[in-house]
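Everything below concerns the one structure shown next.
The numbers here are math on the coordinates, done by the rules we state, and not lab data. Small disclaimer: the values here were computed from a predicted structure and weren't measured. Note: ideal-geometry Cβ built from the backbone for every residue, glycine included; neighbour counts use all protein chains shown.
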Amino acid sequence: MSGLRRIRVANSCWGIFRESTHSPGRESDDTEILRLTGKHLEAKGFHVELKTADELAEAETDRPRFVFLMCERVEVLERLRALEVEGVPHVNSPRAVHNTYRDRMIAALDEANVPFIESRIVATTGEPDADAFPVWVKRGDVHNTQEGDVVRAPTAAAVHDALRGLAARGIPRAVLQPHVEGDLIKFYGIGAGGGHHHEPPWFRWFYHKDQRLAGHPLDVRRLARLVRRAASALGLEVYGGDAVITPAGEIVLLDLNAWPSFALFREEAAPRIADYLTARFSLVSR
């Protein structure tokens with residue numbers, strides 16, 4: 001109990017950076033959104049300490065009152081989960097972050113009856129067949145961390161090579177997904193509430209660059225509702241992801257991530273995240 005009393009002394013919170021191995025090509029963007037959110041929280045009276053995931057092991061005698069995090073490694077999430085059990089609120093919760101691992105995400109969205117791209121989990125040592133090509137071969141746990149984690153395979157031989165590449169790195173499972181033609185979009189969301197239209201309280205989207213945009217019909221409100229349902233199924237409060245819009249206007253959800261970089265909307269998103277965290281943490285401190 002003495003530890004819990006120390007937690008309540010100050011309005012302190014930790015911000016945990018994403019591991020650099022989980023931010024290939026986005027290290028600066030991921031760092032900046034956490035730093036900027038921390039600055040806005042400090043302006044609201046919080047005492048913010050920003051830490052790397054590795055620095056958590058050196059802070060075992062300290063306890064914050066609140067935690068906001070971008071880290072993703074299972075062993076780090078388990079350490080934070082122990083804090084959460086002791087009464088320290090986290091956004092996103094360690095469990096929600098873990099739920100974005102592909103194998104867990106597929107199961108959770110299926111259980112919640114949330115539409116998601118057709119996905120098949122296979123052993124990387126197996127010889128799975130495919131109905132059509134190309135297919136995407138993705139590692140079965142975390143998102144893209146290095147070359148070989150996400151591979152577009154145009155043939156059965158390419159699928160075999162991608163799987164063997166994952167197996168050689170000690171990754172036991174992969175996910176096979178069909179290639180869906182259409183306009184590729186990225187989205188960001190803050191908050192789990194549905195509101196009047198059952199959409200995220202804050203939601204932004206944009207077309208991915210480096211594609212030949214067809215301009216397929218897009219119902220943005222339907223996209224926002226789908227994203228909110230998916231985020232709620234995983235327990236996410238700060239999130240982003242990808243979807244493709246087919247020629248018929250169908251929205252195919254491809255991925256959902258915990259606390260993205262918000263790169264194009266960083267200046268707008270950071271104060272909104274800080275507002276959300278302030279309200280969220282105030283609820284549990286009453």
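Things worth noting here:
- Bridging of Lys209 to aspartates and glutamates at a Cα separation below 18 Å is possible for Asp29, Glu181, Asp183, Asp242, Asp255, once same-chain residues fewer than 8 apart are set aside.
- Here log10 I(q)/I(0) by the Debye sum over Cα atoms at q = 0.12, 0.14, 0.17 Å⁻¹ was calculated from the structure, and among (i) -0.80, -1.00, -1.29; (ii) -0.79, -1.05, -1.44; (iii) -0.71, -0.99, -1.50 it sits at label (ii).
- Just checking the listed ones, Gly193, Gly170, Gly87: in the Gaussian network model of the chain with Cα springs under 10 Å, the one fluctuating most is Gly170.
- Shape call, the range 28-117: gyration tensor on alpha carbons, a/c limit 1.5: prolate
- For the chain, built as a Gaussian network whose Cα springs stay under 10 Å, the top-fluctuating residue of Ala96, Ala233, Ala168: Ala168
- Extension gain, Arg221 back to Leu264 (0.36 nm per residue minus Cα-Cα distance, nm): 13.4 nm
- The range 39-110, relative contact order in percent, only Cα pairs under 8 angstrom and at least six apart counted: 25
- Taken along the Cα-to-beta-carbon direction at a fixed 7 Å, the label points for Glu181 and Asp54 span 4.7 nm.
- With contacts taken as Cα pairs under 8 Å and at least 6 residues apart, the range 128-216 reaches a relative contact order of 25 percent.
- Using alpha-carbon coordinates, inclination of helix 156-168 to the longest axis of the chain, degrees: 30
- A Förster radius of 22 Å combined with the Cβ-Cβ distance from Glu111 to Val74 puts the calculated FRET efficiency at roughly 0.60.
- Look at the dipole of the chain built from charges on Cβ: of Ala132, Val159, Ala243, the Cα furthest out on the positive end belongs to Ala243.
- Relative contact order computed over the chain (Cα-Cα under 8 Å; 6+ residues apart), in percent: 20
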